[in-house]
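Undergrad: So that we are looking at the same thing, I have put the structure below in structure tokens.
Rule-based calculations on the coordinates, nothing more; no lab input. Note that this is a predicted model, so its numbers are computed, not measured. Cβ placement follows ideal geometry from the backbone for every residue including glycine, while neighbour counts extend to all protein chains displayed.
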Amino acid sequence: MTTAATREVTMPDSDSDRGRPRLLARLRRSMSIGNASALYLFVLLFILFALWEPATFLTVQNWQVLLDNQAISGLVAVGLIAPLSAGVIDLAVGSEAGFGGILVAWLLADHGVPIPLAILISLIAGGLVGVVMAVLITRARIPSLITTLAASSILIAVIDWISGSQQILNLGTSFQDIATNELFGVTYPVYILAAVSLIVWYFLERTALGRRVRATGGNVEAARLSGIRTARMILLATITCGVIAALAGVLASSQLATGDPTISQSYLLPAFAAVFLGSTQFQGGRFNVVGTLVAVVVLAVGVKGLQLAGAPVWLPDLFNGVALLAAVGFAQYQRSPTARTAAIRRVLRLRLGERSAPA
Amino acid sequence: MTAGRPVPPPDELARRRPLLRVSHLSKTFIGTKALDDVSLEVAAGEVVAIVGQNGSGKSTLVKLLAGIHQPDPGGAIEVSDGSGRLVPLGRDGSGLHFIHQDLGLLPMLSTTENLDLGRPLGRRWITPLHRNAEHARAAELTRRFGAAIDVRAPVAQLSPAERAIVAIARALDGWQHPDNVLVLDEPTTAFHRDEVSRLFDAVRRVAAEGAGIIFISHRLDEVRALADRVLILRDGRQVAESAGGELDDASLVTAIVGTSVAEGPPTAAATGPVVLSVDALRGRHVHGLTLSVRAGEVVGLSGVLGSGREDLNALIFGAQRPTSGEITVAGNRLPPGDMVTAIERGAAFVPADRHRHGAVMTMSMRENLTLPGLRGLPRRFGAIRMSAESDEARRWARQVELRPPAPDRPLSTFSGGNQQKVVLAKWLRTSPRLLLLDEPTQGVDVGAKAAIYRLVQQAAAQGSAVLVASSDAKELATLCGRVLLVDQGQVTGELTGAALTETALAHAALTAAPTGRAPREESAS
């Protein structure tokens with residue numbers, strides 16, 4: 001290159017240029033449409049369905065059920081943030097949840113293992129799945145997409161093998177209580193989701209460890225050359241995801257009072273849709289916990305409202321698929337301000353060029 | 001188009017016919033004039049060489065010809081339309097054919113398949129290909145250029161010169177009419193010396209068929225061997241144009257480098273203890289290299305691509321794993337390929353490619369700054385104290401004159417120069433004993449360049465040992481107190497004091513023998 005790379009983008013200067021941003025200005029900026037579009041979308045959906053189906057949509061019970069139902073898929077989504085932040089596209093996250101759910105049911109019903117031990121074993125098994133995937137990704141250098149896709153298929157085979165493709169029943173009432181007992185009107189999984197979210201948020205956003213994980217996901221070579229042991233970061237992220245997904249699976253089995261070998265599929269896409277839609281929120285294009293939680297609720301409200309309005313059963317799948325595409329498309333657009341301004345400049349230059357061309 | 005076709009001129013006249021005319025071409029990028037009023041004419045059967053240092057405007061000229069950039073108003077590029085008339089260059093760049101350094105071949109496909117890629121297959125896309133006919137055609141095409149190659153073998157198995165010939169054959173194959181100009185952009189970088197002549201034979205055959213050739217190279221012996229005329233660019237301007245045989249090496253070098261070489265401030269003489277010592281180091285492109293750098297010293301590494309110059313810093317830092325040899329920093333041995341230990345012992349490495357290796361563009365300036373030294377940040381309950389980190393980021397933003405001084409912006413939104421300043425700052429923040437720099441000002445504007453030089457010299461003044469690998473002779477002459485000449489993976493000479501001038505460095509680099517090692521894809525892994 002003979003020329004200075006002059007691709008600087010002139011964005012409206014934020015007040016962080018001079019000292020610390022004032023709280024009010026910061027709040028206003030973080031609540032802007034571009035930064036928190038999901039919140040506005042939520043308001044929009046809320047108004048829409050409140051007018052459409054006021055009798056069912058506006059009941060307290062509706063919202064309790066919605067939270068209870070979404071706690072488990074929210075948990076899967078929060079777990080997925082860790083590997084995605086580290087640059088690992090974990091397509092096995094749904095199967096990891098399914099595996100945890102079937103394993104705990106199998107231990108309880110077929111082997112009479114005490115509840116705490118059965119849960120512990122399931123969580124450890126989930127973590128081990130993460131270890132194996134990290135080793136394949138970092139040591140065998142198989143791309144994460146392939147590793148996790150294959151792992152997902154293998155896990156589904158294991159699930160069917162353990163369960164004999166049958167539902168596992170008779171898990172015991174005290175196990176069912178875990179996911180169905182209520183505190184202040186909502187079930188325990190909601191609190192578990194809140195606690196796990198807080199922990200993941202703290203590590204990812206506040207600690208040096210989280211910074212290293214995100215650097216690994218941002219540019220693995222640059223992270224490595226900055227002295228970060230990137231393989232360890234990937235290992236940590238996949239273990240975290242494996243454990244959290246297994247926990248979600250355990251809660252699902254508890255909620256259904258059944259070890260269901262077919263639940264894997266239903267957690268994969270909603271989790272991806274939520275995390276990617278969440279990444280467009282608050283943090284300017286990075287995977288983040290708060291955005292993910294907001295996205296989980298927004299997507300759930302969308303699905304719920306449509307269901308109440310009598311939409312067909314295939315609609316949630318359609319909704320989640322479209323939402324994932326829209327979220328990623330929007331994230332790409334948002335993430336590349338250079339591409340955007342370049343496009344504008346191209347148009348402007350074309351106009352200017354026409355004008356300045358000799359007649 | 002209604003005018004009658006001109007009578008075909010006599011043969012001698014046909015060879016003088018201009019195929020490409022570039023007049024008063026300029027290109028301004030924000031802040032810099034990359035190309036300034038360059039005019040050029042290429043006639044049929046003529047080979048015109050364009051030479052110049054890094055930053056002289058060669059690449060800009062090529063990109064203008066290729067239509068990647070638009071020239072400033074007032075300049076014009078005209079090409080022959082096949083009937084002897086010159087018409088403005090169309091947006092599709094027809095009439096001009098480019099062979100770039102990387103050739104644009106698909107290595108896993110055979111010669112035949114590569115040749116077919118450039119050809120419209122018409123309606124045959126659904127019918128089976130006639131394989132034998134295709135192979136025979138490909139073999140005939142490449143034989144025209146003196147290459148007897150197995151057209152069924154993947155091009156990855158061919159020698160660099162054979163690959164270049166395949167690329168030329170492919171470009172030629174697509175020609176609609178004989179009035180064409182072939183632009184060869186540093187085609188011989190990856191060549192063995194004895195292979196260069198094979199390519200040159202092929203190029204002469206193309207010229208003999210009536211095409212015009214633009215040949216861009218930094219090797220003066222090649223330029224003199226091949227070119228009918230030489231155009232010399234310096235700082236974007238056309239400084240000389242002469243017939244190929246007229247110039248000797250010395251006058252070419254003077255024309256390329258210029259006579260008014262401004263020498264930088266002489267770096268303080270090295271007085272500190274030895275910080276880095278490298279003994280018999282071996283690794284990719286490095287073959288038993290020995291050197292030492294003292295505290296406070298800025299030492300340059302000069303050498304052509306493939307000489308080992310571009311690998312040495314990565315080997316010392318551990319980004320590439322050396323096969324043998326000993327590296328010590330301040331008396332401590334560095335284990336091979338262990339960057340974490342290298343950083344702990346005071347090493348810092350600014351790689352050449354900041355996008356791929358230097359920084360995490362999606363993270364903010366602040367987060368990039370503190371990445372190598374996260375352990376040193378003040379914490380509360382295990383969490384980084386954001387206010388302390390922000391204060392530090394602002395301090396460094398001032399220190400390196402970051403524009404705009406907004407540490408919380410994603411690094412991708414800064415200009416190249418400011419990004420590079422951040423990459424440098426993140427290592428200066430760790431107070432390194434040893435600072436390893438690869439092409440520290442590549443793709444950086446003039447202002448940022450000055451700031452980077454100042455920061456590097458400050459670091460040296462504070463006792464860092466600095467090793468700079470650069471392909472920019474001016475940079476080495478300005479920045480370094482001592483420059484090591486690297487060739488064939490070893491140190492073959494040293495320039496220091498009054499002998500260390502841009503001219504001397506350029507002369508050493510321009511007359512170095514080709515190393516014969518293909519530059520693989522640049523990678524720190």
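Undergrad: List every residue whose amide H lies under 5 Å from the amide H of B:Gln490, counting only residues 5 or more places away in sequence or on a different chain, with H placed 1.01 Å from N in the peptide plane.
TA: Under 5 Å from the amide H of B:Gln490: B:His287.
Undergrad: For each of B:Lys33, B:Lys58, count neighbouring Cβ atoms within 10 Å of the residue's Cβ, then give the residues from fewest to most.
TA: B:Lys33, B:Lys58
Undergrad: Are there chymotrypsin sites (Phe, Trp or Tyr not before Pro) in region A:106-205 that DSSP marks as loop and that have at most 15 other Cβ atoms within 10 Å, and which are they?
TA: A:Phe184
Undergrad: Oh, and also: Checking the cross-link filter: which aspartates and glutamates have an alpha carbon closer than 17 Å to that of A:Lys304, excluding same-chain neighbours under 8 positions apart?
TA: Straight-distance partners of A:Lys304: A:Glu53, A:Asp68, A:Asp317.
Undergrad: If the cut-off is 14 Å between C-alpha atoms, which aspartates and glutamates fall inside it for B:Lys63, apart from same-chain ones fewer than 8 positions away?
TA: The qualifying aspartates and glutamates are B:Asp72, B:Asp92, B:Asp185, B:Glu186.
Undergrad: Also, I was wondering about something else. With the Cα gyration tensor of region A:164-223 giving a ≥ b ≥ c as the square roots of its eigenvalues, does the rule (a/c under 1.5 for rounded; else a/b larger than b/c for prolate; else oblate) give rounded, prolate or oblate?
TA: The shape class here is oblate.
Undergrad: I would also like to ask the following. Quick one: Cα centre-to-centre distance for region B:331-357 and region B:431-463, in angstrom?
TA: A separation of 16 Å, based on Cα centres.
Undergrad: Please compute, for peptide A:211-222, the average count of beta-carbon atoms on other protein chains lying within 10 Å of each residue's beta-carbon.
TA: Mean shielding count: 6.
Undergrad: Under 5 Å between amide H atoms, partner at least 5 residues away or on a different chain: which partners does B:Phe215 have, H built in plane at 1.01 Å?
TA: B:Val48, B:Ala49, B:Ile50, B:Leu184
Undergrad: What pairs in B:Lys27/B:Lys426; B:Lys27/B:Lys449; B:Lys33/B:Lys474 have C-alpha atoms more than 26 Å from each other?
TA: B:Lys27/B:Lys426
Undergrad: Taking 51 Å as R0, compute the FRET efficiency from the Cβ-Cβ separation of A:Val131 and B:Ala461 and round it to 0.05.
TA: The pair A:Val131/B:Ala461 has a calculated efficiency of 0.55.
Undergrad: Here is a follow-up. If I model a spin label as a point 7 Å beyond the Cα along the Cα-Cβ vector, how far apart are those points for B:His287 and B:Asp391 in nm?
TA: According to this spin-label approximation, the distance is 5.5 nm.
Undergrad: Along region A:75-91, what does the Karplus equation 6.51 cos²θ - 1.76 cosθ + 1.60 (θ = phi - 60°) give for ³J(HN,Hα), rounded to whole Hz, x for Gly and Pro?
TA: Per-residue couplings from phi come out as 4, 4, 4, 5, x, 5, 4, 4, x, 4, 4, 8, x, 9, 8, 8, 7 Hz.
Undergrad: If you don't mind, there's one more thing I want to ask. I want to check the label-to-label distance for A:Ala140 and A:Ile154. Put each point 7 Å from Cα in the C-beta direction and report it in nm to one decimal.
TA: About 0.6 nm separates the two model spin labels.
Undergrad: While we're here: Filter the chymotrypsin sites (Phe, Trp or Tyr not before Pro) in region B:313-394 to those in DSSP coil with at most 16 other Cβ atoms within 10 Å of their Cβ, and list the result.
TA: B:Phe381
Undergrad: So how do B:303-316, A:140-153, B:281-294, A:44-57 stack up, highest first, on mean other-Cβ count within 10 Å?
TA: In descending order of packing, they fall as B:303-316, B:281-294, A:140-153, A:44-57.
Undergrad: Quote the relative contact order of region B:274-510 in percent (integer), defining contacts as alpha-carbon pairs under 8 Å separated by 6+ residues.
TA: Relative contact order comes out at 30 percent.
Undergrad: Next up: Quick one: grab the alpha carbon gyration tensor of region B:335-400, order the square roots of its eigenvalues as a ≥ b ≥ c, and give me rounded if a/c is under 1.5, else prolate or oblate depending on whether a/b is larger than b/c.
TA: oblate
Undergrad: Separate question: Other chains near B:377-389: what is the mean number of their Cβ atoms within 10 Å of each residue's Cβ?
TA: If you average over the peptide's residues, the count of other-chain Cβ atoms is 3.
Undergrad: Let me ask something additional. Excluding A:Ser163 itself, calculate the net charge of residues whose Cβ lies under 15 Å from the Cβ of A:Ser163, where each Lys or Arg counts +1 and each Asp or Glu counts -1.
TA: It works out to a net charge of -3.
Undergrad: Quick one: 3J(HN,Hα) in Hz for region B:138-144, Karplus 6.51/-1.76/1.60 with θ = phi - 60°, rounded, Gly and Pro as x.
TA: With coefficients 6.51, -1.76 and 1.60, one gets 5, 5, 5, 4, 6, 5, 4 Hz.
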